[in-house]
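Everything below concerns the one structure shown next.
The values are calculated or read from the model by the stated rules, or taken from the named source; none is laboratory data. These figures come from a predicted structure and were not determined experimentally. Positions of Cβ are generated from backbone atoms using ideal geometry, with glycine treated the same way; all protein chains shown enter the neighbour counts. Heads up: the accessible areas ignore ligands, DNA and RNA and are worked out on the full protein's heavy atoms, side chains in. Shrake-Rupley method; radii C 1.70, N 1.55, O 1.52, S 1.80 Å.
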Amino acid sequence: MKKLLFMLPLLFFVSAVFAQNQDPSSKRILGNWYSKTNLSIKWTFTQNGRVYNYNKDRMAVMYKYTISHSCQNFTDDTAEFITLMDKDGNQFCFKINGINENKNGILSLTNLSNMQQLVFVNDASLKNAQQIQ
């Protein structure tokens, strides 16, 4: 019984430390992400809830974004969604498939309006690819 009383708080402590080391999606998404199929397209996510879309280093459009477990008619407690809202109030929903999982430098989204998968790479993975060449 004494071992159980010792192990239980230890398990809570270890899980709390592990949870603190996990950055939330809202932190991992920050920065520059380049379309894997067209590197001249860049999405820049900022801390103030805005994402800027660039084409050939020219800003094309700015959206406000939120990350949550729902977007329009889509809801899932185990998944996360990005909602983009333009200046006219139009919303665009994307399911987050992964953000820099295991520091792989990849942002994977599914556009829920057409189920198209979008894959982006971050600055670090671009630099690594350039060093390999």
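Only Cα pairs under 8 Å and 6+ residues apart enter the sum, and on that basis the relative contact order of segment 23-104 stands at 19 percent. The Cα atoms of segment 42-133 give a gyration tensor whose axes a ≥ b ≥ c have a/c of 1.5 or more with a/b no greater than b/c, which makes the shape oblate.
Lys and Arg at +1, Asp and Glu at -1: add these up for the other residues within a Cβ distance under 13 Å of ILE41 and post the number. Neighbourhood net charge equals +3.
Pairs to check: LYS64/LYS103; LYS64/LYS95; LYS42/LYS64; LYS27/LYS87; LYS56/LYS87; LYS56/LYS103. Give those whose C-alpha atoms are more than 20 Å from each other in this structure. Flagged as over cut-off: LYS64/LYS103; LYS27/LYS87; LYS56/LYS87; LYS56/LYS103.
Carbon-plus-sulfur accessible fraction, segment 19-108 (probe radius 1.4 Å, protein heavy atoms only): 44%.
With contacts taken as Cα pairs under 8 Å at a separation of at least 6 residues, segment 75-118 carries a relative contact order of 27 percent. FRET efficiency for the LYS56 to ASP77 pair, using the beta carbon distance and R₀ = 25 Å, is estimated at 0.05. Computed over protein heavy atoms with a 1.4 Å probe, the accessible surface of segment 63-133 works out to 65 Å² per residue.
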